[in-house]
Amino acid sequence: RMSRHAQQLRDHDINPCVAETDASRKCMDDNNYKKDMCTAYFLKYKSCRKFWHDIMMQRKRNGVKPEMPTAEERKKILESMG
């Protein structure tokens, strides 16, 4: 059984970067844990985290709940950006 924290990390409504996390992990597995082979995946993950963190902080400032948009809301936000 997964810990509560591990479950939250897998929850698309809580963690907006599940796909980027999985891609990074798969790259590491596929490349025998040579980090330099996976730089692009790490950068994607990092920019995902920064993007959603900034949105979360904005929502927090504006008193919007929940602070992290749900997976469905995030999809609409990304679509509106093109």
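Worth pointing out:
- Within the stretch 11-31, if we keep just the residues that are part of a helix (DSSP H, G or I), surrounded by 13 or more Cβ atoms within 10 Å (Cβ to Cβ) and not hydrophobic (A, V, I, L, M, F, W, C), the residue that is farthest from the chain's Cα centre (by Cα) turns out to be Arg25.
- For Lys44, the conditions (1) open to solvent by 70 Å² or more (accessible area, probe 1.4 Å); (2) free of Cβ contacts under 8 Å to residues at least 12 places away in the same chain are fulfilled apart from (2).
- Hey, Arg49 surrounded by 11 or more Cβ atoms within 10 Å (Cβ to Cβ), modelled with pLDDT of 95 or more, assigned to a helix (DSSP H, G or I) and more than 12 Å from the chain's Cα centre (by Cα) or not: no
- Top-ranked residue in the stretch 65-82 [being over 15 Å from the mean Cα position of the chain (by Cα) and either modelled with pLDDT of 95 or more or in a helix (DSSP H, G or I) (or both); ranked as nearest to Asp13 (Cα to Cα)]: Lys76
- The single condition among (1) open to solvent by less than 70 Å² (accessible area, probe 1.4 Å); (2) farther than 22 Å from Met81 by Cα; (3) not in a helix (DSSP H, G or I) that Met2 does not meet is (1).
The values are calculated or read from the model by the stated rules, or taken from the named source; none is laboratory data. Because the structure is predicted, anything quoted here is derived from the model rather than measured. Please note: Cβ atoms are built from the backbone with ideal geometry, for glycine as well, and neighbour counts cover all protein chains shown. When the accessible area is computed, the model is the full protein with side chains, heavy atoms only, and any ligands, DNA or RNA have been set aside. Shrake-Rupley method; radii C 1.70, N 1.55, O 1.52, S 1.80 Å.
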